[in-house]
Amino acid sequence: MSNTITRFSNRVENYVKYRPGYPKEVLKLFRSEMGLIEASVIADIGSGTGISSKLFLENGNEVFAVEPNRAMRESAEESLSHFAKFHSIDGVAENTGLSDKSIDFVVAAQAFHWFDAEKTRSEFQRILRANGFIVLIWNERQLNANQFLREYESFLLKFANDYSKVRHDNVNEKFLTGFFTNGFHCKSFQNEQALDFEGLKGRVLSSSYMPSETDPLFEPMAAELRSLFAKHAENGKIKVSYDTNIFYSQVELCQ
C-alpha cells in the first residue's frame, strides 16, 4: 500500500503539466444519464493533483477530493483552493473518512486500479446516498491507431519498470462485472493531446513506471524518445490519442 501511495511523489510537476484532461462530453453524460445537477455532491477518490476535481468544481459542484499522496494532495490544494466548494481529504479509497450517506457521486478517475476492490466497494456503498452513482473514468491511450502509437507502446515496454502490472486496462470487463455485481453502463469518448517534445517527455515522466531523471536509464530513454518524436512529429507536435472510457452504475445495483 505504501508504495502505491508514494510512487507518484516525484512525478507531481509533470503530472500537473502533461497529463490529459477530460473531454466536455464527460459532464454531458453525467447530466443526461446520471442526473448530475449543480447541487450534487462529488467524492473524487484518488483525486491526485485535482484534474478530475476541477471538472466538477467548474460545474458548481461540492467536491471532496480524497488523496493519500501528500505531494499530489498539496498540489491540488494550491491550484483549487479558490473554489469555495473544494474540500481536500487525506484518505484512501478503502477508508475515505467521509460521512455515511453523504455523497451523490463517487468518482475515481485514473485511480481505481490502485484500490482494493472489495474494501473499496463497501466503502463506496457506505458513503453514497440512495440512488447515488459509482463512476470509474480512464483516459486509455490508443495503442494501434497509427504507427507512432504502436512504436510509442514498444518504447514504453522497453524502458518501463512494472508497466504490465499496473496498467489500468488490466481492469477488464470480467473484473468490472464482479465489482458492479448487478451490471453497469459504459461510454467512450475521443480525447487527444498535441505535444511538443518537452510535452511528450513530460508525459512520459508523469508515469510512475518510467525511469525518473535520476535513473541511469533516463538518458538512453530520452534519446530514443527524441528519435521517435523526430520520426513522427508534424509541425513540431505529436498527437497522443486516447479513449476516455467511463463505467458507471447506481449504488442500488451494486448492493
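The values are calculated or read from the model by the stated rules, or taken from the named source; none is laboratory data. Everything numeric here is computed off the predicted structure, so don't read it as measured data. Here Cβ is always computed from backbone atoms with ideal geometry, including for glycine, and neighbour counts include all displayed protein chains.
Each residue in the range 97-113 was checked for being buried (at least 21 other Cβ atoms within 10 Å of the Cβ) and out of contact with any Asp or Glu (no Cβ under 6 Å at 6 or more places or on another chain), and 10 of them qualify. Taken over the range 44-70, residues that are within 16 Å of Ala111 (Cα to Cα), out of contact with any Gly (no Cβ under 9 Å at 6 or more places or on another chain) and surrounded by fewer than 23 Cβ atoms within 10 Å (Cβ to Cβ) amount to 1. For the range 143-177, which positions are outside any helix (DSSP H, G or I) and modelled with pLDDT of 95 or more? The answer is Asn146, and nothing else. If the condition is being in contact with a Lys or Arg (Cβ under 8 Å, 6 or more places away or on another chain) and crowded, with 18+ Cβ neighbours inside 10 Å, then the range 202-224 contributes Gly202, Arg203, Leu205, Ser206, Ser207, Ser208.
Within the range 214-254, restricting attention to residues that are touching a strand residue (DSSP E or B) at 6+ places or on another chain (Cβ under 7 Å) and assigned to a helix (DSSP H, G or I), which residue is farthest from Ser154 (Cα to Cα)? It comes out as Glu252.
Conditions tested, residue by residue: (1) touching a Ser or Thr at 6+ places or on another chain (Cβ under 8 Å); (2) in a helix (DSSP H, G or I); (3) not aliphatic (A, V, I, L, M).
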{"residue": "Thr49", "(1), (2), (3)": "yes, no, yes"}
{"residue": "Val63", "(1), (2), (3)": "yes, no, no"}
{"residue": "Ser75", "(1), (2), (3)": "yes, yes, yes"}
{"residue": "Glu78", "(1), (2), (3)": "no, yes, yes"}
{"residue": "Lys101", "(1), (2), (3)": "no, no, yes"}
{"residue": "His113", "(1), (2), (3)": "no, yes, yes"}
{"residue": "Ser122", "(1), (2), (3)": "no, yes, yes"}
{"residue": "Arg126", "(1), (2), (3)": "no, yes, yes"}
{"residue": "Arg129", "(1), (2), (3)": "yes, no, yes"}
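The residue of the range 178-213 that is modelled with the lowest pLDDT, among those that are assigned to a loop (DSSP other than H, G, I, E, B) and in contact with a strand residue (DSSP E or B) (Cβ under 8 Å, 6 or more places away or on another chain), is Asn182.
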